[in-house]
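Q: Below you'll find the structure I mean.
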Amino acid sequence: MKLNYKRTFFIGFAFMSICAFWQLYDNLIPLILSNTFGLGESMTGAIMALDNVLALFLLPLFGALSDKTHTRLGKRTPFIILGTIFAVIFMIIIPVADQLGSFVLFFISLGVVLVAMGAYRSPAVALMPDVTPKPLRSSANSIINLMGTLGAIFTLIMSSILIPKVNHPNYIPIYITVAILMIVAVSLLVITIRENELVKENEKINSDYLEPEQEVSLSPAGALPREVKRSLIFILASVFLWFTAYNAVTTAFTRYADKVWGLQGGSFANTLLVATGAATLSYLPIGFLSGRFGRKKTVLGGILLMTLSYFSGFWFTSFSPGVFVIFAFTGIGWAAINVNSYPMVVEMSRGSEVGKYTGLYYTFSMSAQIFTPILSGILLEHISYRTLFPYSFCFSILSFCTMLCVKHGDSKPAKKRSALEHFDVDD
């Protein structure tokens, strides 16, 4: 059994469009709120957290809704198309409202965009496991993550080119550019991916290649067996804990670099670029390693790398080149976790509930991203900025402990029926 790289590449265009948008959102919305509308840090932070709050409700809702949808285009594709259309139309209004200085128009358009993005994120992510054989989902997810990273990089490059260095820049060109990327990316997906046909083909492959005991057996009522449910709870707890650790660092790093290491201007970006670059380069190798050693072991290895990075980061009282090494380990560890954790969650689902379990995964990751800026921020403000890395270290250790308790979701190919089958070459 071999992964269809070309097909997975085209499926990844949906995630590319998503990541391109969120990079734009994270970069420019805080600047508009602060510089154009004069909002303080607290109110800006509250509005920036709105997407995570909405995601708690929208991602599980639309994930489960797409599970029950049956159209000529498939279950996921209609949500991807409609979500993209609404997101693109209303995201163009955001910089227009910025130029007009209309907060009401800005807030309404931002709200519609966040709902539209929430409506198609879970279906877009769920499309990969729908059409990918279970043992190959980690390798496929590495390509999906790589495509997402390329989308984010596109936004960063275009931002540096299209945003002028003036007090009140016009953001309309960069928003139009990212909107065009989103339209082109989703159009390529719709043109190349025939969802219904591929889902039927994948169902047959799974039934042919997987051992009977690998399938999640369900009671007549559709409930998970107790031991599988226990594994699901522990891996979702792990997702919450490692996002709590990681997001604390990513949220506070620019301030930490300034207050503790004395980095000025945009020099902090070099460190983050090292982490992003290391993750990008490691996605595909990690996909192969996961197939060889298993998803759980790869995730545990990634957690250990992250934990070592947090522990080491605390001892740097001033900036030095060693910080680049630490953040390279962070990027590699985070890639090892991301490539494998989502496939492990959906591995425990029935084929008809992939969207629902995708929503569960994002519910726990988004909950962490709401919780951790608040708790870590209190420690930073009232105790010391030096609490940042110990805080992340503790939550990372906890995620390692909960991950040890996960016993399901580590799918492997079935054994060949005879020795001669090992010489078969897949088409």
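Computed from the coordinates by the stated procedures, all read-outs in this text should not be read as laboratory data. Here the structure is a predicted model, which means the values were calculated and not measured. For neighbour counting, all protein chains shown are included, and Cβ atoms are generated from backbone atoms with ideal geometry for every residue, glycine included.
Q: At 7 Å along Cα-to-Cβ for each site, give me the label-to-label distance between Met43 and Ile233 in nm.
A: My value for the distance between the label points is 4.3 nm.
Q: Fully extended, how many nm does the chain gain between Ile108 and Leu50 (0.36 nm per residue separation, minus their Cα-Cα distance)? Please report the intermediate quantities before stating the final value.
A: Details: separation 58, 0.36 × 58 = 20.88 nm, distance 1.28 nm.
Here the answer is 19.6 nm.
Q: Take the residue pairs Lys2/Lys204; Lys229/Lys296; Lys200/Lys297 and return only those whose Cα atoms are more than 24 Å apart.
A: Lys200/Lys297
Q: When the Kirkwood radius is taken over all Cα pairs of region 102-203, what Stokes-Einstein diffusion coefficient follows at 37 °C and 0.692 mPa s, in µm²/s?
A: In µm²/s, the coefficient is 201.
Q: A further question follows. Would you mind telling me which residue in Tyr120, Tyr171, Tyr283 has the biggest mean-square fluctuation in a Gaussian network model of the chain, where springs connect alpha carbons within a distance under 10 angstrom?
A: Tyr171
Q: Once Lys and Arg get +1 and Asp and Glu get -1 on their Cβ, which of Ser138, Met128, Thr372 lies farthest toward the positive end of the dipole of the chain?
A: It is Ser138.
Q: Still on this structure: Placing +1 at every Lys and Arg Cβ and -1 at every Asp and Glu Cβ, with all other atoms neutral, what dipole size does region 74-195 have around its Cα centre, in debye to the nearest 20?
A: Roughly 320 debye, rounded to the nearest 20.
Q: Which of Thr251, Thr84, Val339 sits closest to the plus end of the dipole of the chain, meaning its Cα is farthest towards the positive end, when Lys and Arg get +1 and Asp and Glu get -1 on the C-beta?
A: Val339
Q: Compute a Gaussian network model of the chain, connecting alpha carbons closer than 10 Å, and tell me which residue from Arg121, Arg295, Arg72 fluctuates the most.
A: Arg72
Q: I need the phi-derived Karplus couplings for region 156-165: 6.51 cos²θ - 1.76 cosθ + 1.60, θ = phi - 60°, integer Hz, Gly and Pro marked x.
A: 4, 5, 5, 5, 5, 8, 9, 8, x, 8
Q: If you plug each phi of region 242-253 into the Karplus form 6.51 cos²θ - 1.76 cosθ + 1.60 with θ = phi - 60°, what whole-Hz ³J(HN,Hα) values come out, in order, with x for Gly and Pro?
A: So the J values, rounded to whole Hz, are 6, 5, 4, 5, 5, 5, 4, 5, 5, 6, 9, 5.
Q: At 0.36 nm per residue, and after removing the present C-alpha to C-alpha distance, how many nm does the segment from Leu375 to Asn35 gain when stretched out fully?
A: Taking Leu375 through Asn35 to full extension adds about 119.7 nm, to one decimal.
Q: Is region 318-397 best put as rounded, prolate or oblate by its Cα gyration tensor, with a ≥ b ≥ c the root eigenvalues, rounded for a/c under 1.5, and otherwise prolate when a/b is larger than b/c, oblate when not?
A: Here region 318-397 falls in the oblate category.
Q: HN-Hα J couplings of region 281-287 from phi, Karplus 6.51/-1.76/1.60, θ = phi - 60°, integer Hz, Gly and Pro as x?
A: Per-residue couplings from phi come out as 5, 9, 3, 5, x, 5, x Hz.
Q: Run lengths n ≥ 4 of DSSP H only: what is the helix-derived mean residue ellipticity at 222 nm for the chain, with -39500 (n - 2.57) per run over all residues, to the nearest 500?
A: -26500 deg cm²/dmol
Q: Right, another one. What residue among Ala49, Ala248, Ala328 has the largest mean-square fluctuation in a Gaussian network model of the chain, using Cα springs under 10 Å?
A: Judging by the Gaussian network model, the answer is Ala49.
Q: Enter the Cα centre distance for the pair region 87-109 and region 5-65, rounded to the nearest angstrom.
A: Cα centres, region 87-109 to region 5-65: 15 Å.
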